[in-house]
Amino acid sequence: MKLKFKGKVLFANGAPATGVTVRVFDSDADHNQDDDLTLSPGLTDDQGRFALTYNPARFIDMVSLDTSSTASQPFDTTGPRLPDLTDLYLPYLRFDYPFRNQPRQHQAWLMPFQKEFHLPEYPTLRFSAAQHGFRFPNRFAGYFIPFSTPVKFAPKKVPPSYGLCGGMSSAALDFKLAGREIPATADIPRGGSRLQRYLFRRQMDSMGALGSTILKVAQWTTLPDETALGLKRLTFDEFTRIRPRLEDQNPVVLGLIYVHASSASELIQVIFNNHQVLAHAIEQRTPLDYTIHVYDPNYPQREDVSLLIRQVPVIAAGSGEPPKGLQVVQMIGAQGKPVRGFFAMPYTYIEPPKKL
């Protein structure tokens, strides 16, 4: 029996994984070697796509009957070989690929209707804000109210322009992962244009399912800076998770919390004063100090925008060693702007439209 299987292999952040060899195996008991069902292996192309053929009938193991008690065969105890009816069919895909000049291997169960598979690693990218960021500023005419935000604004209170910082940060990474040049225009896209609709879509994606990220931004905006559950401590925990990705040159979309709100009415007024940027590189200056280089859509083509972070103790109730926190300042050239905290925003690769 010969079956064909097609699929797609992506890195953990959704970027296509090229040059991955894909085979089909059947998982056996610990004392048996897994059966290779592959007839012709797949090899992923520049979009991560592969096609292979395999024979599922090859999963059945053979067993020998014990004939040691048979008088007619006093010296040969190896009986006839028959299919092992207890052998279960448990197919999985095995991915073999090089990563940072080292061989890697990953497995995933072969499930009905699943055609997309993710490797645990992120691809290494060298991102330049001047080269790979959009050439126009984050300032769009008209006004934009996310449909995922259950708040009604009076038109007279809505500003005459809006930002798509999350959409621009995600889209810039989309173009880099796709290996395509960013649109060359320095003009702000007009409402309804292809580029504006694409950035708007990516902005909505950055808000998470059912506006979950907006809820997190709202929560962080209302939290204090200090205490064991304050923004300094929470940002330190986020940085601990983000740092390895940045050290591996894997850009991360960050949500920056600039403002504080002490009531629901104040939160409605200030929540959209927070911001999103694309962090793409990190430097350690001292054991407690780091610089995170970012592409900020508010400052197009500028390489001198960064986050200066310092590990500091958090003022918290109780005895013992105080919790660790982070003090953050965004640098735009030589000017600094305090940042109360930051966290990683949701990001999944989307191939940019062909015509923009």
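No lab work stands behind these numbers, since they all come straight from the coordinates. As the structure is a prediction and not an experimental result, all values here were calculated from the model. No Cβ is skipped: glycine too gets one built from the backbone with ideal geometry, and neighbour counts run over all protein chains shown.
Overview of values
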{"quantity": "Cα gyration tensor shape of region 196-318, rounded if a/c is under 1.5, else prolate or oblate by comparing a/b with b/c", "calculated": "oblate"}
{"quantity": "Helix-only CD estimate at 222 nm, as mean residue ellipticity for the chain, using -39500 (n - 2.57) per DSSP H run (n ≥ 4)", "calculated": "-5500 deg cm²/dmol"}
{"quantity": "Mean separation of Cα contacts under 8 Å, 6 or more apart, over the residue count of region 268-356: relative contact order %", "calculated": "17 percent"}
{"quantity": "Using a Förster distance of 22 Å, the FRET efficiency for Q33-L90 (Cβ separation, nearest 0.05)", "calculated": "0.95"}
{"quantity": "Charged-residue dipole, Cβ positions (Lys, Arg, Asp, Glu), region 210-356 about Cα centre, Debye nearest 20", "calculated": "200 debye"}
{"quantity": "For the chain, size of Cβ-based charge dipole, Lys and Arg +1, Asp and Glu -1, in debye", "calculated": "2100 debye"}
{"quantity": "Nonlocal amide H pairs with D225, under 5 Å, H built at 1.01 Å", "calculated": "L231"}
{"quantity": "Segment K324-Q269, length gained on full extension (0.36 nm per residue, minus Cα span)", "calculated": "16.7 nm"}
{"quantity": "Gained length - K355 relative to Q311, 0.36 nm times residue gap less alpha-carbon distance", "calculated": "11.3 nm"}
{"quantity": "Too-long pairs where the Cα-Cα distance tops 28 Å, listed order kept, from K176/K355; K115/K354; K216/K355; K4/K176; K2/K354; K176/K324", "calculated": "K216/K355; K4/K176; K2/K354; K176/K324"}
{"quantity": "Where labels lie 7 Å past Cα in the beta-carbon direction, separation of T185 and I60 in nm", "calculated": "6.3 nm"}
{"quantity": "Region 263-309: C-alpha gyration tensor shape, a/c 1.5 cut-off, then a/b vs b/c", "calculated": "oblate"}
{"quantity": "3J(HN,Hα) from dihedral phi, region 102-111, Karplus parametrisation 6.51/-1.76/1.60, rounded to Hz, x for glycine, proline", "calculated": "10, x, 10, 9, 9, 10, 8, 5, 7, 10"}
{"quantity": "Prolate/oblate/rounded call for region 164-256, Cα gyration tensor, a/c under 1.5 rounded", "calculated": "oblate"}
{"quantity": "Approximate spin-label separation A178-R135, in nm, with each point projected 7 Å along Cα-to-Cβ", "calculated": "1.8 nm"}
{"quantity": "From the coordinates shown, semi-axes √(5λ) of the Cα gyration tensor in Å corresponds to which of (1) 45, 22, 17; (2) 36, 26, 18; (3) 51, 26, 19", "calculated": "(3)"}
{"quantity": "Percent RCO, i.e. relative contact order, over region 129-344, from Cα pairs under 8 Å lying at least 6 residues apart", "calculated": "23 percent"}
{"quantity": "Most positive-pole-ward Cα, V312, Y97, L267, against dipole of the chain from beta carbon charges", "calculated": "L267"}
{"quantity": "Globularity index of region 253-356, i.e. its alpha-carbon radius of gyration over 2.2 N^0.38 Å", "calculated": "1.29"}
{"quantity": "Listed residues G192, A130, V277: farthest to the positive end of the dipole of the chain (Cβ charges)", "calculated": "G192"}
{"quantity": "Neighbour-count ranking [beta-carbon atoms within 10 angstrom, fewest first] of V259, V24", "calculated": "V259, V24"}
{"quantity": "Distance (nanometres) between label positions extended 7 Å along Cα→Cβ at R194 and R302", "calculated": "3.1 nm"}
{"quantity": "For a label point 7 Å along the Cα-to-beta-carbon line of S262, residues of region 196-231 with backbone N under 15 Å", "calculated": "222-226"}
{"quantity": "Extension gain, R241 back to K8 (0.36 nm per residue minus Cα-Cα distance, nm)", "calculated": "81.2 nm"}
